Structure formats: structure tokens, C-alpha cells
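Everything on this sheet refers to the single structure shown next.
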Amino acid sequence: MCAGTYAIVLALGQTAALQAWFGQLLLGLWVVCLATTWWMCRSEFRWRTPVLVVVAVATLVQLPGILVVPRTSSDAYRYVWDGRVQLSGTSPYRYAPFDDRLAKLRDPVLFPGLGPGDRSGFTTGPLPTDRAALLTLARDDPRTRINRPRVPTIYPPVAQAWFTGVAAVTPWSLGTRGLQVGSAAIAVLIAGALALWRRRRGDDPLGALWWACCPTVLIEAGNGAHVDIVAAALVVAGLWVFTTASGRRAAFVGGGLLLGLAASVKLTPLVMLPALAPLRGTGVIDRLRRALPAPVVAVVTLAVSYLPHVVVAGSLVLGYLPGYLAEEGNAGRAAVLGLVLPTAWLTPAIVVVMAVTAGWALWWVSRTAATREDAVLPALVLFGVLLLATTPNYPWYALPLVALAVMAGRLEWLAVAVAAYLAYGATTSPPVAGFAYGSAGLVVVAVSVARARRSRRPSRRFAPRDAQSVRP
């Protein structure tokens, strides 16, 4: 059912003018996929090898996406270009795709209106400081499928390594297909890992279908090929190592290393660091000694990953990141807070919200009865609150959130992923994103409160009325 509905949605396609309509169509896919997953998880039939069933279903539902070009964004074309540029021996942080110094790397798939022998007349220069000029520079161009072709790349080093590896084995004529297949394969691996995780915890492995059949995973992995799927895999691996590795040092170092690699794919996983910093011990020094290893390893890993690019690109190593932050830094990126606060207060408000959430996470993992496995829930809350506070209209940002929700058994957080599609379909109307993400936050709070109340209820134990009627 999920694969069939997904194939129909992809066949209908999308254009920029119909983005709102396509977003509504994707919501219909959500209804079908959630209902199908609920039915499969509630079915009384018990599979002998549920982990293999999850892997098989995850593979099946990814197939429609890799057969058509990306629908929700053109990011994958930039990925292909970055990988190709690196294979040529040039840093993607130095030159924009339209720079004629890279003209020999153009092909009809990425540049349908600009050949290797043509000249764009563009030369990469410093980014403007004025936001209006920056938006003009970052506009798309019909001569290429690469978005923002006049600015360098934004993606961190581990993401670049992924692009390069895929580009090395993908012919130019296949365009984004190699990345789509690779991303679909990672989504399937995550599904298998989540099934094993749930079995290890004594839960039904079929619960991993909430990841495998989630529309965010279907659309943004095998079809969109978004690099967030790589970040999600590293987050899952990092938390797995942190919670299960034998020996405290191996757990902290391994978990921090993998989370640092995830941050070198997309910077957002850095918000999870408080979940890996339990403040336990008999004194301040002892507590810091236990809390700092994983966050320090993560930050050092991120910094070290940039070093080779610093040697090549120097001060240009940040690429378009400063410009992107300025470009995206408007009221629409904090739509929930924007419903009640003036624009000037939004950034400070986001900082306060994240600081309070980080404080709660530190308390949670530092409780006397806490175990390393408890790190999964605060990691989920930290990442989820980040999305609720910043309200991105890019649904693929929620891929790590979906994986964390399944790991923690907190499926109410999927409401945030649904809200991302509502925001995606209403990019020109920030209040819609605000109400969508705000409603998702209310769902999370309501379900969490209800769960807490149930956990505090005393269990009812029935004893036989007539003790003499009980057999010895």
C-alpha cells in the first residue's frame, strides 16, 4: 500500500508553481503510510524473522523513489557537482558552479543550457554583506539544475566525502541516480539497525517499520537523496555505541567520534552533545571527567575533518555557510516564536529555548538512576526542540528525528516531521508553518504528559477473594 501510493505521488510530479499542492498530496501519503504501519505492527500474525521482514519492506518501499528524478528539491544536483569537483582535484569551497574555471566539468544533465565550451562570464568573488544583494547572488538559473549556482558549496567535509565516493562510481550520464541508490541503501541499513535495537530492548522489531515506511524517509532518501540520511545513520550508530560499547572509554570516545562525524555531514547534530555528557560523580572534577570526553571528541572530530580543506581552501573553507545563515535568518525560520514575539527577539529566544532544553538534558542523563541508554531520549528532545524552535520548511531536516523517535519509542515526535511538510507547502506564508509546528509541539507535550501520568498510576493487583479456594 505504501509503495503503491508513493509511486502514484511521484508519477504526478511537481513544479515550483504547484509546491503547495504537492505538499498537500504528500500529506495524503502520510495518512496511508501511518495507517499501513499501524496495521502491520498491530497484526496478530507473528513473523519468524521480523528483522528480515523490516529490511525487505524497507527495500521495497524505497524502489519507486530511485526510478524518478528528485521531486522535493534540487539539492542532489549540487551533491553530484561537489563530488565531481573534488574528483577533479579542486576544492568545492573555492569556486561556484557557474565559474568558468570549472567549465570542463559541465554536462547536459547538470547544465542543460550551458556547455563546456560556453562562457557564463561569472567569476567567484567575496560574498556580499547586504542580505538583498546576497539573495540576488543566490538566485537559481534556468541554465543549470544546480541551485544557487553563483555561490560555493555549503556542505561540511564528511558530506563532501560521501559525494566524492558516490561520484567516483557513478557515470555522468546517470546524474543523481548513484546518490539516490546509495541513500536508499542507507535508509534500509538504518531500518535493520533499528529493528535490532528494538529486539535488544525487548520490543517488537516490527516497530522499526515506523522508520522504514515513514514518508519522510521514502521521499527524502531514495528520491531526494538528501545528505541528512547519512547524518541520521551516524547519529544512530553513535548512540548505539554510546549506550552499548563495553567499557566507559570506548562508549564515550566511539559515541563522540560518530556524533562528530554526523555533525561534519550536517551541523545540527551538535545540539545532541548534552545527551552524551552525564554529570555524575563525587566532585566537580570527577563529574567533568565523566561528562566531557564524548562532547570533546565530537567537537575535535568536526574540527579535524575540516583541516585538509583548510590547507587547500584557506579562509574559503566555510563556503557559502555564512551567506546561507544570513539568507535563512528571517522570521519564517522561527515561525512558532514569531506568532508571539517581534522579529528582533527571535534569535535570542531560540538561544534561550535551546539552553533550557540542554539544561534539562543534562539533568536527565545525570540522574542517579540514569543509564547510558537514557541518552537516546534527551538526544531526541534536543533535536526535536531545535526543529520546533527554528521551524525549517525543508522536510529532510527531520530524517534524524524520525530515527531517534523510533529508537526512543516516542512516536509522537513524528508530528514534527508532518509539520515540516505543511511548512514546505506554505513557504510564502510563515503563519502556516508557525501553526503547523506549534500544533506538532502541542501533540508532543500532550502525549508526553499522558504517558507520564500513566507511568505514575499504581498497578492494580487482584487477589482471590477466598484464599482457601486457591490451590497450594
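The values are calculated or read from the model by the stated rules, or taken from the named source; none is laboratory data. These figures come from a predicted structure and were not determined experimentally. Neighbour counts run over all protein chains shown; Cβ positions are idealised from the backbone, glycine included. The area values use the complete protein model at the heavy-atom level, side chains included, leaving out ligands, DNA and RNA. Shrake-Rupley method; radii C 1.70, N 1.55, O 1.52, S 1.80 Å.
Below is a table of values for the structure above.
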| read-out | value |
| --- | --- |
| Inverse of mean 1/r across different Cα pairs in the range 32-137, Kirkwood, Å | 18.3 |
| Centre separation in Å (Cα based) which lies between the range 371-447 and the range 189-222 | 17 |
| Backbone HN-Hα couplings from phi across the range 92-97 [Karplus 6.51/-1.76/1.60, Hz, Gly and Pro as x] | x, 7, 8, 10, 7, x |
| Placed amide H near residue 122: partners under 5 Å, 5+ positions off or other chain | 100 |
| Hz values of 3J(HN,Hα) by residue in the range 215-232 - Karplus curve (6.51, -1.76, 1.60), Gly and Pro given as x | x, 4, 6, 4, 7, 8, 9, x, 9, x, 6, 5, 5, 4, 5, 5, 4, 4 |
| Pairs of alpha carbons in the chain whose separation is greater than 43 Å (percent) | 15 |
| Share of carbon and sulfur in the accessible heavy-atom surface of the chain [1.4 Å probe, %] | 66 |
| Residues of the chain: accessible area per residue with a 1.4 Å probe, Å² | 46 |
| Kirkwood Rh, Cα atoms: Rg over Rh of the range 201-296 | 1.07 |
| The chain, relative contact order [Cα under 8 Å, separation at least 6], % | 17 |
| Contact order relative to length of the range 105-186, as percent, for alpha carbon pairs under 8 angstrom and 6 or more apart | 26 |
| Share of pairwise Cα separations in the range 139-235, more than 22 Å, in percent | 40 |
| Per-selection Kirkwood Rh - the range 26-84 (Cα, Å, 1 d.p.) | 14.4 |
| Rounded if a/c under 1.5, otherwise prolate or oblate - the range 231-368, Cα gyration tensor axes | oblate |
| Ranked by how many other beta carbons lie within 10 Å on average, peptides 293-302, 198-207, 175-184 from highest | 175-184, 293-302, 198-207 |
| Computed over the range 144-261: relative contact order in percent, which uses C-alpha pairs under 8 Å that are six or more apart | 21 |
| Hz values of 3J(HN,Hα) by residue in the range 139-154 - Karplus curve (6.51, -1.76, 1.60), Gly and Pro given as x | 5, 6, 9, x, 7, 9, 8, 7, 6, 6, x, 9, 10, x, 6, 10 |
| Candidate residues 48, 145: accessible-area rank, largest first, probe 1.4 Å | 48, 145 |
